[in-house]
Amino acid sequence: MGRTHLYNDMNRNLTYKTDSRQPLPKRIWGGAGRWAGLFLCLLLLLPSCGIKKRIKKADKRFEVGEYYTAGDLYRSCYGKVSPKKDKELKARVAFRQGESYRLTNRNRAAFAYQNAIRYGYPDSIVFFHYAQVLQKDGKYADAATNYEIYLQHDPDNAAARNGLEATRRIAEWKSNPSRYKVTKPKELNIRRSSNYAPAFIGSSADMLLFTSTRSTDKKKKTKNNPITGMPNSNLYSMRKNATGKWEDPEPLPAEVNDPTAENGVCAFSPDGKVMYFTRAKKSEFGDAGAQIMVSNRAGGAWSEPTPLKVFEDSTLTVAHPTLSPDGQTIYFVSDAPNGLGGKDIWKATLEGGECKYIENMGPDINTEGNEMFPMMRHDGVLYFASDGHPGMGGLDLFKASPLALRHENDTLRWSVENLGVPFNSQWDDFGITFAGTSENGFFSSNRNERQGHDMIWSFELPELAYVISGKVLDEQNNILPDATVRMVGDDGTNARIPSRKDGTYRLKLNKDANYVMLASARGYLNQSYRFSTTDLTDSKDFTNDFHLTPVFKPVQIENIFYEFGKWDLTPQSETGLQALLKLLNDNPNITIELSAHTDYVGNDAFNKELSDKRARSVLEYLVAHGIDKERLTSVGYGEEQPVTVDALTARKYPFLQEGNVLTEEFILGLTPEQQETANQINRRTEFRVLKTTYKLF
């Protein structure tokens, strides 16, 4: 809200048509009632004359840029204008009220524009500005409707087209936020004031200047500015103490903070010894425009500022300075002639305290809307705020990266991108600064501020962090405390760590690397795990538990299924078969016996033959997938080897106890439902390790 002080005369870039004609009442009076009728007419005209006089006062305030005062005057007049007697005037008052509210970021601008449309305001610009404030209010569908209405009258208006495009892209922007984190630091902000446009002095980032409308008058004798209804803005400085905390802000001395003017939005030379800032004075005739002032620092004190000569015409408004990394080029904002519309960003070469070779930044940067608050980083990337490029609402922050020169006229081209969420919101977001070469800093926003006040927000880009952790367990989920985890990566990583007593492990990872891990323990087979940190845009914690297979006992192969009464493997077996294939590849020096088992139901000879063929099916699958046949042996046991219940099976089936042997005699003592479960447990495919030295010698 307060930032409008520093360039308020630039806001008047639209031409408003005010119809000053007033209808003359018909005075047809007859006979003796002539004087009585005339007296009655005068009584009726007095309120009408009074309200029109008040509207004229509001118009005068509006024309000189005192939008806050004008808005209050229009509001007091609006309800007293009869739509039946002067519908056109009521529409104009409502429109001017909406304009005043919009230009000072006050609430209810949309309601005022709605009234202007309701009473037939004749200029289609009302739909454009109504759409803008609806977009700022987060009413994107309604905003799109009004952009479309306006484009029917002015189909080539780029700002309206961009606004319409933005309403269709906002959902996408919100669903894809960047990794930056933003917070609102209390030490920089104060209630009932606007605080904005922070700027670091030098690359050490331990001293910060910002603009604020907080009052420096403890007795509160200073009148509020009629443009915003707040005290004049001034520059404040903050330092970091030895503990890294910001000390209380202090206003710059009166030499810089002219009490008769608005002061703020500053930038510094690379060595931090020269400050450029905006000053906007006001005269009895209204806004006297804004200019860039220059002050030098010596011995910790700032000199009396002097105006920077930019244009030959000193009445042209210039504001919002920033400097190139070498300090030889100044970028600034102006609505000077030959711009692209609204407020544009310009640049000039600094020579002898004057600006030479002034040029507009061109259509890559500037639009028919407003481009303001430029900030040039150390790498030549330009950041700025705009309401002309497609954005979420109000002013959005943009990043412009320099591209190659166009050879025909040596014009530098720029690639412009919206900074997106969380930097941008449906409100005004602007005035960004970075702490040295880091990705941390501050920016300004009036998001979620009921009175429209600007606040300074901090931002940081957390470092990407990748970690993998988990446990090393046996096939029954028991902890293996003496296991070892080895990790090899294509980034040069080669680490070997023992698991902790609780079986856990944890390893840090690098970005854009491919890793292979191998867990091992004495008496158990190795198990590998592959993963990658490439193409990740955010931090991530990987989790993987290893379940090692024992060498000293048979192990059931999970998820192996056959056709009923046959030995054909079903498609559902693929998961279990692939797990077995991986185990053999992880342990290339083992040979195994594959065995299939049936329940007691059916003929013994048939069960024996069926189990033998089923084990053979698994063997053939493994051979077909590259496993040396010499490493595999298959056998069918039929019903000869019933399961001995282990702890894991007992936990899964409470009617069984650890150590139970699922013989035919035992199963027949169970309920019919339990019998089916026990038979299912007996129907299984297993493997056991025969040798661990295959091709080692």
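Observations on the structure shown:
- Summed residue charge, Cβ within 14 Å of Phe542's Cβ, Lys/Arg positive, Asp/Glu negative: +3
- Report note on the peptides 397-403, 170-176: ranked by the mean count of other C-beta atoms within 10 Å, highest first, their order is 397-403, 170-176.
- Taking the Cα centre of the range 494-625 as origin and assigning +1 to Lys and Arg Cβ atoms and -1 to Asp and Glu Cβ atoms, the resulting dipole is close to 700 debye.
- Helical contribution to [θ] at 222 nm, DSSP H n ≥ 4, -39,500 (n - 2.57), averaged over the chain, rounded to 500: -8000 deg cm²/dmol
- For Leu480, the accessible area of its heavy atoms, probed at 1.4 Å with every protein chain present, is near 20 square angstrom.
- Estimated vicinal HN-Hα couplings, Hz - the range 255-267 in sequence order (Karplus 6.51, -1.76, 1.60; Gly, Pro = x): 4, 8, 7, 4, x, 9, 9, 8, 10, x, 6, 10, 8
- With the convex hull constructed from alpha-carbon coordinates only, the range 65-171 shows a mean projected area of 6.7 nm² over all directions.
- Answer label for mean projected area of the Cα convex hull in nm² (calculated), chosen among (1) 40.9; (2) 34.5; (3) 52.4: (3)
- Look at the Cα gyration tensor of the range 576-697: its axes a ≥ b ≥ c give a/c of at least 1.5 with a/b over b/c, and that counts as prolate.
- Rounded tilt (10° steps) of 67-78 against the dominant C-alpha axis of the chain: 80 degrees
- For Gly394, distant residues with modelled amide H under 5 Å away: Lys136
- The range 224-383: C-alpha gyration tensor shape, a/c 1.5 cut-off, then a/b vs b/c: oblate
- Highest to lowest packing among 328-338, 564-574, 96-106, scored as the average C-beta count within 10 Å: 96-106, 328-338, 564-574
- For the peptides 459-468, 623-632, 146-155, the ranking by mean Cβ contacts within 10 Å, running from highest to lowest, is 146-155, 459-468, 623-632.
- Using alpha-carbon coordinates, inclination of helix 158-175 to the longest axis of the chain, degrees: 30 degrees
- Mean separation of Cα contacts under 8 Å, 6 or more apart, over the residue count of the chain: relative contact order %: 9 percent
- For the range 636-697, the equivalent ellipsoid derived from the alpha-carbon gyration tensor has semi-axes of 30, 14, 9 Å in decreasing order.
- Formal net charge of residues neighbouring Arg651 (Cβ-Cβ distance under 15 Å; K, R +1; D, E -1): -3
- Each listed q (0.14, 0.21 Å⁻¹) maps to a log10 I(q)/I(0) for the range 62-110 from the Debye sum over equal C-alpha point scatterers, namely -0.31, -0.65.
- Net +/- balance of residues flanking Gly470 in space, Cβ distance below 12 Å, scoring K and R +1, D and E -1: 0
- Residue by residue, the range 177-183 carries 3J(HN,Hα) couplings of x, 7, 7, 5, 10, 10, 9 Hz when phi is fed to the Karplus relation 6.51 cos²θ - 1.76 cosθ + 1.60 (θ = phi - 60°); x denotes Gly or Pro.
- Cα gyration tensor, the range 564-606 - rounded (a/c under 1.5), prolate or oblate: oblate
The values are calculated or read from the model by the stated rules, or taken from the named source; none is laboratory data. It should be emphasised that the depicted structure is a prediction, and the values quoted were computed from it without experimental measurement. Neighbour counts run over all protein chains shown; Cβ positions are idealised from the backbone, glycine included. Each accessible area value is taken on the protein alone, full model and side chains, heavy atoms only, with ligands, DNA and RNA left out. Shrake-Rupley method; radii C 1.70, N 1.55, O 1.52, S 1.80 Å.
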